[in-house]
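Take a look at the structure set out below.
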Amino acid sequence: MKNRILLCLSLIVLVFSSGCAPQNAVSSKENSPEKPVIRIGMMSSSDVIPYVLINENKLADKYGFQLDLEVFTSAKDRDDALQAGELDGVLTDYIGVCMYQNAGLNVKITGITDGDYILVAGKNTGIKNISQIKGKSIAISEKTLIEYTLEDILSNNHMTGNDVVKEIVPKIPDRLELLRNNKIDLGLLPEPFATLALNDGAVRLGSANQFGLYPAVSAFSQAALESKSAAIHNLYKAYNEAVDYMNHTDIRKYEKTVIKAVGYPEEMVGKITVKKFRTSKLPAKQEVEAAVQWASKKGLCKPTLQYDQMVYDVYSGS
């Protein structure tokens, strides 16, 4: 009888323990906070590399967030997604943020990136240096970062926008084809288009970064900055760690990532080079103000737009 009682008690304990364990496990899972998701829209270019490495090197996990990267082939589609609230942030530029602000979209610059724009001359033009480009034709997009960058490069070389003949060609691939087919003298191109042109025999004349202009930035909506402030703060910690990895690692170890992220053709394996990147911080006040001044003259924003309206400090407390 005693043995039967002990057996029943054992069965009761077993039933209760087996019944409670899954409930406790579910409860624990439900109570564990999910990692916040940061959604960034971008277009293929060299400045996306650190963001792709954040995921590939599992830095998002390390810093407690999820990073969703969406690649667009059109700046308009990217901007539409941002305005619709489908993105938290974008990789864009000074002029783009000026235009967001002018359209009533409260987007703030949160960091610098190292996107560059290379000025090249067609291989059959005979142009060997930038001093020879007066009167030559160049394909650009009007009232955009490309035109702003071109005029800055010209200014650094004692010229103005009137010293070249601007041909308005909205799509970058079309500009590259015009250059390849000797229908235009000059091109101002981001990667991977610049490298493709140079591989075809084009001559490098200089770049935005070479002349001290770094107009590409990362930016977030004010709503995202308020609702995901800690995660975005940690995003830039992860970004800077990714940059440190890039700057101290042989590119052959992450070359496939670069080819995919930037959009180089597969035949570029073994030929890719990446310059040293800077860690992220807010851009200098004078750089932002210069962009606002240019954009306001083009009717893209109000001249009263202030630096503090354009930027948001996510680095405090780092």
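The values are calculated or read from the model by the stated rules, or taken from the named source; none is laboratory data. Not measured: the values here are computed from a predicted model. Using ideal geometry, Cβ is built from the backbone for each residue, glycine included, and neighbour counts are taken over all protein chains shown.
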Kindly indicate the residue of the stretch 208-229 that is modelled with pLDDT of 95 or more and surrounded by fewer than 19 Cβ atoms within 10 Å (Cβ to Cβ) and also nearest to D93 (Cα to Cα) among those meeting that condition.
-> Q222
Failed condition for I259, given (1) surrounded by fewer than 19 Cβ atoms within 10 Å (Cβ to Cβ); (2) part of a helix (DSSP H, G or I); (3) in contact (Cβ under 8 Å) with a residue 40 or more places away in the chain; (4) among the aliphatic types (A, V, I, L, M), with all others met?
-> (3)
Pair list, Cβ under 7 Å, 6 or more apart: the stretch 212-234 residue on the phi > 0 side of the Ramachandran plot and in a helix (DSSP H, G or I), other residue of a type outside the set (K, R) and surrounded by 13 or more Cβ atoms within 10 Å (Cβ to Cβ) | none
In the stretch 264-278, is there at least one residue being among the small types (G, A, S), at pLDDT below 95 and surrounded by fewer than 19 Cβ atoms within 10 Å (Cβ to Cβ)?
-> yes
Name the residues in the stretch 149-177 that are among the β-branched types (V, I, T) and farther than 22 Å from T195 by Cβ, would you?
-> T160, V164, V165, I168
Evaluate the following for G187: is it touching a residue at least 24 places away in the same chain (Cβ under 8 Å), among the small types (G, A, S) and either buried (at least 20 other Cβ atoms within 10 Å of the Cβ) or under 15 Å from K134 (Cβ atoms) (or both)?
-> yes
Which of the residues that make up the stretch 46-92 are of a type in the set (V, I, T) and within 11 Å of the chain's Cα centre (by Cα)?
-> V48, I49, V52, V71, V90, T92
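Yes/no matrix, rows are residues, columns are (1) in contact with a Leu (Cβ under 9 Å, 6 or more places away or on another chain); (2) at positive phi; (3) outside any loop (DSSP other than H, G, I, E, B); (4) aromatic (F, W, Y):
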site	(1), (2), (3), (4)
G270	no, yes, no, no
T273	no, no, no, no
K276	no, no, no, no
Q286	no, no, yes, no
A295	yes, no, yes, no
P303	no, no, no, no
D308	no, no, yes, no
S316	no, no, no, no
Provide a single number: the residues in the stretch 150-178 that are over 26 Å from the mean Cα position of the chain (by Cα), touching a residue at least 24 places away in the same chain (Cβ under 8 Å) and in a helix (DSSP H, G or I).
-> 2
